[in-house]
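Asks: Mind looking over this structure? Questions follow.
The values are calculated or read from the model by the stated rules, or taken from the named source; none is laboratory data. Predicted model, so just to flag it, every value in this text is computed and none were measured. Positions of Cβ are generated from backbone atoms using ideal geometry, with glycine treated the same way; all protein chains shown enter the neighbour counts.
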Amino acid sequence: MRVTINRLETSATVKNGGRNAADVEFSPEKDRYATSRKKGPWHWILSHFLAGSNKGILAVVFATTIITANLSSFVMVVIRNAVNDFLGGNIEVLIPYALVILVLSLIGPCLQIVSFMMREVLAQRMERDTRREFFGNLLGKSQSFHDQQKVGDLMARTTNDVRTLNFLISPAISLIFESFTALFVPVIYILVFFPVQLVIAPIGFAIAFIFALRSYIKKIGPIAGQLRMEFGNLDAILNESLSGIEVLKGCAQEESASGVYAKVAQRYKEAYIQQGYVQAKYLPILLVAIFITLGIAHGIVLYFQGDLNLGDLIAYGGLLALLRFPTFISIFVFAIIRLAVSGAERLLELMNKETEIGENVGGISRKINGKITFKDVTFTYPGSISPVLKNVSFEILPHQRVAIIGTTGSGKTTITKLISRLYDVGSGSITIDDVDIRDFALQSLRSQIAHIEQDVFLFSTTFEENISFGRAGSIEEVQAVAKLAQANDFITATPKGYMSEIGERGVQLSGGERQRVAIARAFLTNPQILILDDATSAIDSETEDKIQQAFQNIMKGRTTILITHRLSQVRWADLILVLKRGELIAQGTHEQLLATSEEYRKIFVKKFDIDIKQLLAGSG
């Protein structure tokens, strides 16, 4: 167990709140793409292309593509020789020529199969690696980052924007390389095997094609970005509507939600129509027809002048026809590329945002005792201008039970989030066992703090996996803590017991049942600091009576922070903190605060609707 850290090695990190430019709250593995992400989408994409054995796969794809393009052009040369020999009366060579053409025609598709397989492997690797990288990056972001994001938009980026990178390789980039190979290889064959003047038409087309393509890419780029953005908006609205479907239906706002979704869908449709307009005006399709016509006309003129025989003319026309493939394929391939680049830009937009809290891997990692000290803490949520906490100072001793009370918005929950370092303080300091929490390794700190909140989140898996989420435990341990949390009875009443699926977010459970599962989870993690944020708010009085003894058991030997208005829980706290509008206005025991704090008395007079004299008498 490591108790100290090398201050020389970590001093720079500690001064900066436990982070530097490369830090995140969580990093599943060494991030090999951190540098390339800062250099833009193409550099990042290329770094994935060339990672590990991908270079070998790329070499196979390029080699097979070049060979296939050469075979297609060489077949035209063989046809030229066959026609010329036939017209010259050399009929016996036709069968050998036919066999050569057959063999070449079979080799080409075989190589294409190899190329398709290799590029698909590369494409799937690209999607797998970028998806894992993006998800890991999201896990490493601070809570303040996630507070400002729409879940639907994050899902759109994780699924569809990452998916476009798959299409970028297969078919987009593979077809582009194939297209440009099919564009320039015929030109080379014309130069080698035909009169040099016949190269005028294909070279003229290649130049015109490149300029027209540049204009097309410039126009299609903004539209592709708009398409990706509107798709993200669609997903965000869909996610929000389905997540709040109960409220939406309860307020009879189906028509309103449908109208909002229809407006975004209309913008998405219009962006696609705009893309169609640009593609409809795709100039290279017209250019290839013009230049093929001019090239054949030029060949006919040379034929009648005696500078070209019939076999040459036929083969030349076949080589010119090969130019149609890169022309027609580029109309949608470059649209895919622009969509993929826009998707990469959207991914990098989030991945390149620096997190405000670093995991501080080299920090202190040891068991804590639970002494918590706030010293002049002021905190403002990111994006807000009004501080939630103002110069808050208090000290909690190890194993104390502390209740925090105050009106809504006074900063009670914020204090607990700062203790777990979900956010960093704006000014002042927070220490645990007299050590600044930024000096702790983040994983070590948070693994020793358990939260049970009013709004419990459960995963769409089994009871057993939800309870053992914070710490892996045997089924016997899970059952034991479930009994302590008074959850065993309703769990065993389900068809599969602890192996029963509870539905998304625990939708099949009542509020009280969800909270008892969360309490069981906290029991199993055996934290040194326990935070109960209105944890019994959804539990009926009878059930609450049953779990009070369980609470007494779990509170023993650990620091416990209660956010509650239940007098039965507050009055027995070792220390009570009274907050009002972000300021700590009083602290002490129940009896002390009744005698000295007017705000504390007001809270209970209003809560229980009893006379202040009766309340004071009851405290005695």
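Asks: For residues that are farther than 15 Å from Asn84 by Cβ, of a type in the set (A, V, I, L, M, F, W, C) and either surrounded by fewer than 16 Cβ atoms within 10 Å (Cβ to Cβ) or touching a Lys or Arg at 6+ places or on another chain (Cβ under 8 Å) (or both), tally how many sit in the stretch 295-332.
Replies: Residues flagged as farther than 15 Å from Asn84 by Cβ, of a type in the set (A, V, I, L, M, F, W, C) and either surrounded by fewer than 16 Cβ atoms within 10 Å (Cβ to Cβ) or touching a Lys or Arg at 6+ places or on another chain (Cβ under 8 Å) (or both) within the stretch 295-332 amount to 7.
Asks: Filter the stretch 221-264 down to residues that are touching a Leu at 6+ places or on another chain (Cβ under 8 Å) and surrounded by fewer than 17 Cβ atoms within 10 Å (Cβ to Cβ) and give me whichever is farthest from Tyr277 (Cα to Cα).
Replies: Of the stretch 221-264, the ones touching a Leu at 6+ places or on another chain (Cβ under 8 Å) are 224, 227-228, 241, 254, 257, 261, 264.
Those left that are additionally surrounded by fewer than 17 Cβ atoms within 10 Å (Cβ to Cβ): 254, 261.
Values: Glu254: 34, Tyr261: 25 Å.
Here the answer is Glu254.
Asks: Pick from the stretch 571-593 the residues that are modelled with pLDDT under 90 and surrounded by 20 or more Cβ atoms within 10 Å (Cβ to Cβ): which of them is nearest to Leu397 (Cα to Cα)?
Replies: Ala573
Asks: From Asp147, Asp153, Asp129, grab the single residue that is of a type in the set (Asp, Glu), out of contact with any Leu (no Cβ under 7 Å at 6 or more places or on another chain) and surrounded by fewer than 17 Cβ atoms within 10 Å (Cβ to Cβ). First the steps, then the outcome.
Replies: On the way: Asp153 fails: surrounded by fewer than 17 Cβ atoms within 10 Å (Cβ to Cβ); Asp129 fails: surrounded by fewer than 17 Cβ atoms within 10 Å (Cβ to Cβ).
After ruling out the rest, the residue left standing is Asp147.
Asks: Only one of (1) modelled with pLDDT under 90; (2) assigned by TED's automatic domain parsing to the domain that holds Phe194; (3) surrounded by 15 or more Cβ atoms within 10 Å (Cβ to Cβ) is not met by Arg37, so which one is it?
Replies: Single failed check for Arg37: (1).
Asks: Let me ask something else about it. Only one residue in Val78, Val100 is free of Cβ contacts under 8 Å to residues at least 24 places away in the same chain, in the same structural domain as Arg157 (by TED's automatic domain parsing) and closer than 26 Å to Ile188 by Cα, so which one is that?
Replies: Numbers: Val78 fails: free of Cβ contacts under 8 Å to residues at least 24 places away in the same chain.
Going through Val78, Val100 in turn, the sole match is Val100.
Asks: Need at least 3 residues that are free of Cβ contacts under 8 Å to residues at least 60 places away in the same chain per element, so show me which strands (runs of 3 or more DSSP E) inside the stretch 395-485 make the cut, counting only ones lying wholly within it.
Replies: On the way: elements: 401-406, 427-432, 449-452.
Per the criteria, 427-432.
Asks: Among Glu255, Glu240, Glu270, which is modelled with pLDDT under 85 and part of a helix (DSSP H, G or I)? Write out each step before concluding.
Replies: On the way: Glu255 fails: modelled with pLDDT under 85; Glu270 fails: modelled with pLDDT under 85.
When all the criteria are applied, what remains is Glu240.
Asks: Quick one: how many residues across the stretch 263-318 are touching a Ser or Thr at 6+ places or on another chain (Cβ under 6 Å) and either without any contact (Cβ under 8 Å) to a residue 24 or more places away in the chain or farther than 28 Å from Gly225 by Cα (or both)?
Replies: Qualifying residue count for the region: 1.
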